[in-house]
Amino acid sequence: MKTKITLKELSKLLNVSVSTVSKALNDSPEISPKTADRVKELAALHNYRPNPVAVNLKKNKTGTIGVVIPNISNTFFAGVLSGMEAEAQKNNLQVITYISNESLDREKQICDLLTSGFVDGVLIAVSEETQRKQEYDHLFSLVDYEIPLVIYDRINIDIPADKVGVNDERSFYDATKFFKSKGCKRIGLASAIHHVGVGKLRMKGYQDGMAPDEMFTATSTNMDDLKTKIYKLITENDLEALLCTDFMSSILASRIAYEHNLKVPEDLKIIGYISSEIAEYLSPSISYIEQHAAEIGAKATELLSERIEGHKNSSEFSEVIVKTTMMHLESTTF
């Protein structure tokens, strides 16, 4: 493999100092045009490229950001990461990705590593366990170390940082009102994430759209248990429509309908928080809340880049809400 030539090697070939080579390549007025041309010609001949690590060290920056994803199996986060990567490239930033697997301990380990100074900033969606236990000291450590931080998706936590999320509460309020406007009265809700921030917000949107005596809910973090509860919820209450707060409850609802010969949308209408890639290929297809994952990722990275470059007031923080879109497929046909 061909090795890269260094400044020191260029200086030896030209019989000048390393300082002279560096200044010539950076168009310093201290270097004569003749010498500068000689240096640049030889550098081009040997395909010289500046060492990015050295350049960033001089700038007191690494040119790298850390991204913490809670769940790699969720296609939503794949979309978010795609948006982050695209925006990072625009800002000449490299992305290092970590996966917390919804674990508080793993998230703590990652944050401890990120405080070592090899990233310029951090993008994080906190884990389910972190939210459930409400332990945020490791995130405050990033703030204490003055590492620029942007929290995305799961943003309802009280930390001085920029945040980017969606209108979770409003989206389910609107979905509830949509079913009501179509004449549905027995509308239920299923959730596997009722215990964490975004799940609570989506449930609140549903609750705000319903009278207290109208609500029917099935919640559990155990998938077998949730499946049983959703089936009972649908059949014992003769539901007309079901809102699903997350990927798993949406899939279970679709599966239950199939296994028990419930016709969708004739017997049951469904709206879920599920990715378009899956919703469109279920049979029948499931109407869903489009979160615009790539836009969330891009906006979070844009805010972080601005923070890294010092373009934002250190004591003022932004909270950006990306509006969701209700996408109607076969499961909400009237």
Within the stretch 245-278, residues farther than 16 Å from T325 by Cα and in a strand (DSSP E or B) come out as K269
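Tell me, please, whether a residue that is under 17 Å from I289 (Cβ atoms), under 30 Å from the mean Cα position of the chain (by Cα) and not assigned by TED's automatic domain parsing to the domain that holds V67 can be found in the stretch 222-241.
Checked against the condition, which is being under 17 Å from I289 (Cβ atoms), under 30 Å from the mean Cα position of the chain (by Cα) and not assigned by TED's automatic domain parsing to the domain that holds V67, the stretch 222-241 yields at least one hit.
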Could you tell me whether any residue of the stretch 116-128 is free of Cβ contacts under 8 Å to residues at least 40 places away in the same chain, surrounded by 14 or more Cβ atoms within 10 Å (Cβ to Cβ) and in a helix (DSSP H, G or I)? no
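To keep it simple, each residue is scored yes or no on (1) of a type outside the set (F, W, Y); (2) modelled with pLDDT of 95 or more; (3) assigned by TED's automatic domain parsing to the domain that holds T235.
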position: I159; (1), (2), (3): yes, no, no
position: T176; (1), (2), (3): yes, yes, yes
position: S181; (1), (2), (3): yes, yes, yes
position: C184; (1), (2), (3): yes, yes, yes
position: V196; (1), (2), (3): yes, no, yes
Answer with yes or no whether E107 is in the same structural domain as G63 (by TED's automatic domain parsing), without any contact (Cβ under 8 Å) to a residue 24 or more places away in the chain and either surrounded by 14 or more Cβ atoms within 10 Å (Cβ to Cβ) or not in a strand (DSSP E or B) (or both). no
Residues that are in a loop (DSSP other than H, G, I, E, B) and of a type in the set (F, W, Y), drawn from the stretch 279-334: Y281, F317, F334
Would you say A211 is within 21 Å of E266 (Cα to Cα) and either over 22 Å from the mean Cα position of the chain (by Cα) or assigned by TED's automatic domain parsing to the domain that holds D267 (or both)? no
What about I289, is it closer than 30 Å to L93 by Cα and in contact (Cβ under 8 Å) with a residue 24 or more places away in the chain? no
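Against the definition (farther than 21 Å from S73 by Cα and either of a type in the set (S, T, Y) or touching a Pro at 6+ places or on another chain (Cβ under 8 Å) (or both)), how does S141 come out, yes or no?
yes
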Of the conditions (1) under 26 Å from I187 (Cα atoms); (2) of a type in the set (A, V, I, L, M, F, W, C); (3) under 23 Å from the mean Cα position of the chain (by Cα), the single one that L252 does not satisfy is (3)
Of the conditions (1) assigned to a strand (DSSP E or B); (2) farther than 15 Å from F179 by Cβ, L242 clears all except one; give me its number. (2)
Among what's in the stretch 130-157 and is among the hydrophobic types (A, V, I, L, M, F, W, C) and touching an Asp or Glu at 6+ places or on another chain (Cβ under 9 Å), pick the residue that is modelled with the lowest pLDDT. I147
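Listed here are the residues, each with its yes/no results for (1) touching a Pro at 6+ places or on another chain (Cβ under 7 Å); (2) under 20 Å from I256 (Cα atoms); (3) in a helix (DSSP H, G or I).
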residue	(1), (2), (3)
M203	no, no, yes
T221	no, yes, no
D225	no, yes, yes
T228	no, yes, yes
K232	no, yes, yes
Mind counting the residues in the stretch 32-78 that are modelled with pLDDT of 85 or more, of a type outside the set (A, V, I, L, M), farther than 23 Å from A300 by Cβ and part of a helix (DSSP H, G or I)? 7
Residue by residue through the stretch 286-324, note down the ones that are farther than 23 Å from I69 by Cα, surrounded by fewer than 21 Cβ atoms within 10 Å (Cβ to Cβ) and either in contact with an Asp or Glu (Cβ under 9 Å, 6 or more places away or on another chain) or charged (D, E, K, R) (or both). E309, K312, S314, E316
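The values are calculated or read from the model by the stated rules, or taken from the named source; none is laboratory data. Bear in mind the structure is a predicted one, so any value in this text is a computation, not a measurement. In this analysis, Cβ positions are derived from the backbone assuming ideal geometry, glycine residues included, and neighbour counts consider all displayed protein chains.
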